[in-house]
Structure formats: structure tokens, C-alpha cells
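Here's the structure, in C-alpha cells; my notes come after.
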Amino acid sequence: MVKRVAVLTGGGDAPGLNAVIRAIVKTAVREYGIEVIGFRDGFKGVLEKHVTMLSEAEVSGILPRGGTILGTTNRDNPFSYQVAEGISRDRSDECIEIIHKYADALIIIGGDGSLSIGYELAQKGLKVVGCPKTIDNDLAVGQAKTFGFDTAYAFATEALDRLHSTAESHHRIIVLEVMGRYAGHIALHAGIAGGADVILIPEIPFSFDKIIEKIDDRLIHNKRFSLVVVAEGARAIDGEMVINNYVTQSSDPIRLGGIGEVVAKELEKLTGIECRVTVLGHLQRGGSPTPYDRILATRYGVAAMDLIAQRQFGYVVAMDGDNLKPVALAEVAKGIRKVDVKGDLLSCARKIGISFGD
Ligand code: F6P
């Protein structure tokens, strides 16, 4: 029987993390009489034994708050943990020992990095349940959405609405760079919702000639401005992804960023039309979750706690349509979910004239 469960938030933060924590605590206490503790700052907090009790009082009022009351980090991996400058050690056994000292099982609220670590720890005997978090919506949990995504692309959509009027007034091309790592979900969704003319995503390498074809077509129809959404992981057919920096201790050390500037410069050179670029950056990760994300996060928190109480470990909670359907951690650890380039959403975008630069 599970008497006490531990929770941690790992990887980049996403709107809805607090809503999940709140739902876990409420369900644990009210439904199952299980105690909840939190490790601060992801796996770093486990290894540093940075623990806090989570009762209903601690989670009161946090539903609409962005970020995570537990703190997080996207750089500490217990399988390769930095113990001194340039020296890393496998501390996974110690990590499991510490978790078992404090709790009977662990809920990891994380993206592919933290959940892959969770999978490896589960292989070594840890009782784990995962909650799918990321603004990138790139977790391999079937067709289920990750919480945080709706808030992120709603914000990018609002940005496009604002850029629309200024681009139109100045007859400019405005390029909006959005996050998403190696998947174009944020760019595709925000681009369609925000009426973009061109959407560039990592799944479809683009050519400047094709983008210009679209801009010229708009000029013929007396549209003297254009909006281009570019995902940070997009690249030209003959180009590379643009890397902003490397975070050495991270399970994925590459941090993307900068393609927006490259696209804007090249388009200005090739078309003679004035271009501007806006990089949304971490604004996409902050702020209060949308109602959709609050509900999704709440459902995921409740479902994670249900699995714990039923002793069904090794799963990530996910929604199949309106039904909760857990996915094996092993599936999530296999790799990320990219945009389906043959999917209905992309074909719908093409049919209304959006160019993908191909
Ligand atoms: O995975 C979430 C995400 O925001 C990505 O979209 C982005 O590439 C990355 O994290 C940025 O990471 P950091 O917070 O380390 O800059």
C-alpha cells in the first residue's frame, strides 16, 4: 500500500505545473489518505535531499499561478550528475535510495528529458508515474496534448494579432520566432490561429524562393505586408538549425534560437521589403495557464494519483479523446512526437493558402 508519494517537477517550466501539484495533493489527501512530499528543483532536489511537505494548505491558491512552487531545472540528470567542474558521476542508485527513504513512489511532472530519466529509474526498480508537461507538445503520448501547450500557443497567437496591424500599417514583413525545439506544434497552431501567411517548421525544410513566391502572390493581390512564423528548430533546405548556446549538464544540451533573424535578413535582402523580427522566447513559458490547460493539468494530476493508489507504475497519464489512457513510460522514452506533415491540420493550412516554404 502506498502511504506517501513524492512529487517533482523537472525540465523547463510550463503553465499548469501548479495546477497538477494541487490536483495531486487534493486527490491524495481527500480520496486516498496518502501523504505527499515534494522534492525541490527536480532531481537536483532529490540528491540534495531538499524536501518539503505538501498539504492542502501549501497548494491553496496556486491553480492560476504560472511556474512551479517546487522549482525546476533542465540540467540535472542523476545518471550523469556534475560533481565538480567537468566531472560527472552516475548517482542514479543514490537517487532511488533517497526517494525510497522519503516515499513509496514518485510522480514526475516533466517532459521527454525528465520522463526518460524516470523510465531509466523505473528499470532499476523505482515506482514511477509520469505527467506529460511541455509547451512544445512533443511528447510521444499518442494524440494526447501536453499541458502548457495551449497557453503557449494562445500567447503566440495574440502576438501575431498584434504584429498583424503594425505589419500592415508599415507594409513590412514581420517574422515571429517561437519555441518548440525539434517540433513545429507551437508554430503550426499559432500560425493558423493567428492568420500567418508563411509557417516554417523543423519537419519541413524551407526554401527562400518558395517563401518569396507566397509574398509575391500577396503583392499581386495588393497585400503589401506578410507575417511569417518560424519555429526555432526550422532550417533552410541547404542550411542548419540555428543554435543559440549549449548547456553542458542538460540531457539535451542544445538550446536553439536565432533562425528568425536569419530569415528576416535574407527576406529583406531578396525582396527589398523592410523586415522586422520578434522573438517570443520565454514569454511563452510564463504566465497563468488558460482554462483548457488548468483543466487538463487537473485531470492529469488526479489521474496520476489514481494510478499511484492502484499501484500501476511505469505509466504516463494521457488523454485519448476525452478518456484518460495511460501510455507506458517506455514509449515516451523512445523519442519525441513531431508534427505529422501528412496530417489533417497541415493539409487544412495548405488549403487556405498558408505556405510552408516548400
Ligand atoms: O522545452 C521547452 C523549451 O521552452 C523549448 O521550447 C526551448 O527550446 C527550451 O525549452 C529553452 O530552454 P531554456 O529554458 O533552457 O532556455
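Can you tell me how much longer the chain between residue 276 and residue 171 gets when fully stretched, taken as 0.36 nm per residue apart minus their C-alpha distance, in nm with one decimal?
Numbers: separation 105, 0.36 × 105 = 37.80 nm, distance 1.09 nm.
Going from the current span to full extension adds 36.7 nm.
Return the percentage of antiparallel bridges among DSSP beta bridges fully within the chain, rounded to the nearest 5 %. Walk me through the numbers on the way to the answer.
On the way: 14 of 47 bridges.
The antiparallel fraction comes to roughly 30 percent.
Contour minus end-to-end for residue 310 and residue 89, with contour as 0.36 nm per residue of separation and end-to-end as the Cα-Cα distance?
Details: separation 221, 0.36 × 221 = 79.56 nm, distance 3.45 nm.
Length gained, residue 310 through residue 89: 76.1 nm.
Any idea how far the Cα center of the range 297-320 sits from the one of the range 33-66, in Å?
17
Would you mind classifying the range 1-72 by shape? Square roots of the alpha carbon gyration tensor eigenvalues, ordered a ≥ b ≥ c; an a/c under 1.5 is rounded, otherwise it is prolate if a/b is larger than b/c and oblate if not.
Working: a/c = 2.07, a/b = 1.14, b/c = 1.82.
Taking the square roots of the gyration eigenvalues as a ≥ b ≥ c, the range 1-72 is oblate.
Label points 7 Å out from Cα along the Cβ direction at residue 161 and residue 124: separation in nm?
The two pseudo-label positions are separated by 4.8 nm.
Taking the chain as the reference, fit the longest principal axis to its C-alpha atoms, fit the long axis of helix 17-26 to the helix C-alpha atoms, and give the angle between the two in degrees, 0 to 90, nearest 10.
30
Considering only DSSP beta bridges with both partners in the range 151-286, what is the antiparallel share in %, to the nearest 5? Don't jump to the answer; show the numbers that get you there.
Working: 3 of 18 bridges.
Here the antiparallel bridges make up roughly 15 percent for the range 151-286.
What is the ratio of the Cα radius of gyration of the range 16-126 to 2.2 N^0.38 Å, with N the residue count, to two decimals? Present the calculation step by step, with values, prior to reporting the outcome.
Working: Rg = 14.4 Å, N = 111, 2.2 N^0.38 = 13.2 Å.
Ratio of Cα Rg to 2.2 N^0.38 Å: 1.09.
From zero outward in steps of 10 Å, how is the percent of C-alpha pairs of the chain spread across the bins?
Cα pair-distance distribution for the chain, in percent: 6, 25, 30, 21, 13, 5, 1.
Using just the Cα positions, wrap the range 261-358 in a convex hull and report its mean projected area in square nanometres, one decimal place.
Details: hull surface 40.6 nm².
The orientation-averaged projected area of the Cα hull of the range 261-358 comes to 10.1 nm².
Compute, for residue 39, the solvent-accessible surface of its heavy atoms (probe 1.4 Å) with the complete set of protein chains present, and express it in square angstrom to the nearest 10.
0
For residue 230, which sequence-distant residues (separation of 5 or more, or a different chain) have an amide H within less than 5 Å of its own amide H, given hydrogens modelled in the peptide plane?
Hits under the 5 Å cutoff: 176, 177, 178, 200.
Can you pick out the pairs among 223/351; 101/338; 269/338; 145/351 whose Cα atoms lie more than 27 Å from each other?
Details: 223/351 19 Å; 101/338 38 Å; 269/338 31 Å; 145/351 24 Å.
Flagged as over cut-off: 101/338; 269/338.
In degrees from 0 to 90, rounded to the nearest 10, what is the angle of the helix 291-309 Cα long axis to the longest principal axis of the chain?
Once rounded, one gets 30 degrees.
Mind ordering 204-217, 241-254 by average Cβ neighbours within 10 Å, highest first? It would help to have the intermediate numbers written out before the result.
Values: 204-217: 16.9, 241-254: 13.9.
In decreasing order of mean packing, 204-217, 241-254 become 204-217, 241-254.
Quick one: compute the contact order of the range 125-261, relative version, from alpha carbon pairs under 8 angstrom and 6+ residues apart, as a percent. Let's see the in-between values first.
Numbers: 252 pairs, mean separation 31.2, N = 137.
Dividing the mean separation by the residue count of the range 125-261 yields 23 percent.
Quote the convex hull volume per residue of the range 273-326, based on C-alpha atoms, as a whole number of Å³. Could the numbers behind the result be given before it?
Details: hull volume 8.4 nm³, N = 54.
Taking only Cα atoms, the range 273-326 has a hull volume of 156 Å³ per residue.
Report ³J(HN,Hα) in whole Hz for each residue of the range 87-102, in order, from the Karplus equation J = 6.51 cos²θ - 1.76 cosθ + 1.60 where θ = phi - 60°; Gly and Pro get x.
10, 10, 9, 7, 10, 5, 5, 4, 4, 5, 4, 5, 4, 5, 5, 8
What's the angle, to the nearest 10 degrees (0 to 90), between helix 259-271's Cα axis and the longest principal axis of the chain?
Tilt relative to the chain: about 10 degrees.
What span do the alpha-carbon atoms of the range 151-286 cover on each of the three principal axes, reported in whole Å from largest to smallest?
In descending order, the Cα extents are 51, 33, 21 Å.
First select every other residue whose beta carbon is under 10 angstrom from the beta carbon of residue 76; then total the charges, Lys and Arg +1, Asp and Glu -1. List each step's numbers first, then the result.
Values: positive: 44, 75, 91; negative: 41, 48.
Combined, the nearby Lys, Arg, Asp and Glu give +1.
For the chain, give the percent of accessible area contributed by carbon and sulfur heavy atoms, probe 1.4 Å, rounded to a whole number. The partial results should precede the final answer.
Values: 7510 of 15310 Å².
On the chain, the fraction of accessible area on carbon and sulfur atoms equals 49 percent.
I'd like to compare 143-150, 122-129: which one has the highest average count of other Cβ atoms within 10 Å, and what's the full order after that? Show your work: numbers first, answer last.
Numbers: 143-150: 24.1, 122-129: 19.2.
So the order, starting with the most tightly packed, is 143-150, 122-129.
Give the shape of the range 46-92 as rounded, prolate or oblate, defined through the alpha-carbon gyration tensor: a ≥ b ≥ c are the square roots of its eigenvalues, a/c under 1.5 means rounded, and otherwise the shape is prolate if a/b is larger than b/c and oblate if not. Please list the in-between numbers first.
Working: a/c = 4.26, a/b = 2.40, b/c = 1.77.
Judged from the Cα gyration tensor, the range 46-92 comes out prolate (a/c at least 1.5, a/b above b/c).
Which is farthest toward the positive dipole end of the chain among 119, 137, 302, measuring Cα position about the Cα centre, with Cβ charges +1 (Lys, Arg) and -1 (Asp, Glu)?
302
Among the listed pairs 127/325; 3/49; 49/124; 44/124, give every one whose C-alpha distance is greater than 29 Å.
Working: 127/325 19 Å; 3/49 19 Å; 49/124 20 Å; 44/124 19 Å.
Long pairs (Cα-Cα over 29 Å): none in the table.
With the other protein chains left in place, how much accessible area per residue, in square angstrom, belongs to the range 137-178 at a 1.4 angstrom probe? The partial results should precede the final answer.
Numbers: 1520 Å² over 42 residues.
With the other protein chains kept in place, the range 137-178 gives 36 Å² per residue.
The values are calculated or read from the model by the stated rules, or taken from the named source; none is laboratory data. Predicted model, so just to flag it, every value in this text is computed and none were measured. Here the Cβ is made from the backbone with ideal geometry for all residues, glycine too, and neighbour counts use every protein chain on show. For the accessible areas, the whole protein counts, side chains as well, though only heavy atoms, and no ligand, DNA or RNA atoms are used. Shrake-Rupley method; radii C 1.70, N 1.55, O 1.52, S 1.80 Å.
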